[in-house]
1. Go through the residues of region 14-22 one by one and say whether even a single one is in contact with a Ser or Thr (Cβ under 7 Å, 6 or more places away or on another chain), more than 13 Å from ligand 1 (Cβ to nearest atom), of a type outside the set (Asp, Glu) and part of a helix (DSSP H, G or I).
2. Quickly run through region 172-193 and pick out the residues that are buried (at least 17 other Cβ atoms within 10 Å of the Cβ) and not small (Gly, Ala, Ser).
3. So which residues in region 31-81 are free of Cβ contacts under 8 Å to residues at least 60 places away in the same chain, closer than 21 Å to Leu201 by Cα and within 11 Å of the chain's Cα centre (by Cα), if there are any at all?
4. When you check Leu148 against the structure, is it of a type outside the set (Asp, Glu), in contact (Cβ under 8 Å) with a residue 40 or more places away in the chain and over 29 Å from Asp115 (Cβ atoms), yes or no?
5. Looking at (1) in contact (Cβ under 8 Å) with a residue 60 or more places away in the chain; (2) within 12 Å of ligand 1 (Cβ to nearest atom), can you tell me which one Glu84 breaks?
6. How many residues does region 98-116 hold that are farther than 19 Å from Gly147 by Cβ, touching a residue at least 12 places away in the same chain (Cβ under 8 Å) and aliphatic (A, V, I, L, M)?
7. Based on this model, can you work out whether Ala11 counts as assigned to a helix (DSSP H, G or I), more than 16 Å from the chain's Cα centre (by Cα) and either more than 12 Å from ligand 1 (Cβ to nearest atom) or under 15 Å from Leu93 (Cα atoms) (or both)?
8. Can you name the number of the only condition in (1) in contact (Cβ under 8 Å) with a residue 60 or more places away in the chain; (2) in contact with a Gly (Cβ under 6 Å, 6 or more places away or on another chain) that Gln28 fails?
Amino acid sequence: MQFSDFGLDSALMSTIEHMGFNEPTQIQQQAIPAAMAGHDLIASSKTGSGKTLAFIIPALQRLSKNRALSKRDPRVVILTPTRELAKQVFSQLRLFTANTQYKAVLILGGENFNDQVKVLQKEPEFIVATPGRLADHLTQGHFHLNGLELLILDEADRMLDLGFSKELTQINKAADHRKRQTLLFSATLDHAQVNEFATELLTKPKRIAINAGH
Ligand code: ADP
Ligand code: MG
């Protein structure tokens with residue numbers, strides 16, 4: 001199987017080609033078409049198996065196909081457990097958004113709060129964030145999630161282990177509307193709190209578990 005088999009938008013395909021990737025990894029082979037079909041996902045595969053592109057690609061594809069629900073609100077929010085992971089996801093996302101009209105911003109704990117308020121006022125389509133700081137901005141009304149189309153939880157098991165369940169619930173409730181799709185990624189699906197959360201946040205999710213990695 002090749003990336004060209006997914007029927008992706010041509011700008012998206014050319015970025016993938018520039019990255020030098022032809023063949024999707026196993027998790028990408030399963031998660032990309034399922035997400036493109038509109039399903040919520042609860043997906044797992046080991047570290048290094050390509051989960052980042054497994055959610056970035058369907059997110060960009062969805063934006064290229066659908067009209068925005070709101071001109072002001074973010075369309076895609078990607079939450080990760082740590083600053084380092086958020087930076088890694090953001091750098092991959094930027095490869096795709098750099099030559100487009102889409103704005104992507106990074107909102108991390110430990111950084112200047114007022115600078116982030118200004119960044120949020122630019123009305124980005126994409127927010128990559130750690131949950132605590134994003135929840136603070138949400139509480140203070142610096143952005144809204146009424147137009148959110150896609151909520152992505154990267155390393156959900158670690159976010160829950162780090163105690164972010166309250167913030168995840170808050171963000172979920174603020175973005176609670178019919179049209180939202182939710183993609184949950186985890187290193188393991190054998191995690192009771194992840195499964196409880198999946199019940200709370202996802203609608204009829206497809207479960208994808210790749211045990212061998214690539
Ligand atoms: P995970 O989140 O599952 O730990 P990453 O998304 O960080 O994995 O990807 C690990 C590495 O694999 C990255 O360097 C990424 O660029 C690379 N990669 C992703 N998809 C592919 C692919 N289809 N072919 C080759 N390398 C890939
Ligand atoms: Mg990852």
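Where a number appears in this text, it was derived from the coordinates with a stated rule and is not lab data. Keep in mind it's a predicted model, so treat the numbers as computed, not measured. FYI the Cβ positions are ideal-geometry reconstructions off the backbone, even for glycines, and counts take in every protein chain you see.
1. To start, the set of residues in region 14-22 that are in contact with a Ser or Thr (Cβ under 7 Å, 6 or more places away or on another chain) comprises none.
So far as region 14-22 goes, no, none of its residues is in contact with a Ser or Thr (Cβ under 7 Å, 6 or more places away or on another chain), more than 13 Å from ligand 1 (Cβ to nearest atom), of a type outside the set (Asp, Glu) and part of a helix (DSSP H, G or I).
2. Those that are buried (at least 17 other Cβ atoms within 10 Å of the Cβ) and not small (Gly, Ala, Ser): Asn172, Arg180, Gln181, Thr182, Leu183, Leu184, Phe185, Leu189, His191.
3. Listed by number, the list holds a single entry, Ile56.
4. For Leu148, the condition - of a type outside the set (Asp, Glu), in contact (Cβ under 8 Å) with a residue 40 or more places away in the chain and over 29 Å from Asp115 (Cβ atoms) - is not met.
5. (1)
6. Result for region 98-116: 2.
7. Considered against the rule, which asks whether it is assigned to a helix (DSSP H, G or I), more than 16 Å from the chain's Cα centre (by Cα) and either more than 12 Å from ligand 1 (Cβ to nearest atom) or under 15 Å from Leu93 (Cα atoms) (or both), Ala11 comes out as yes.
8. (1)
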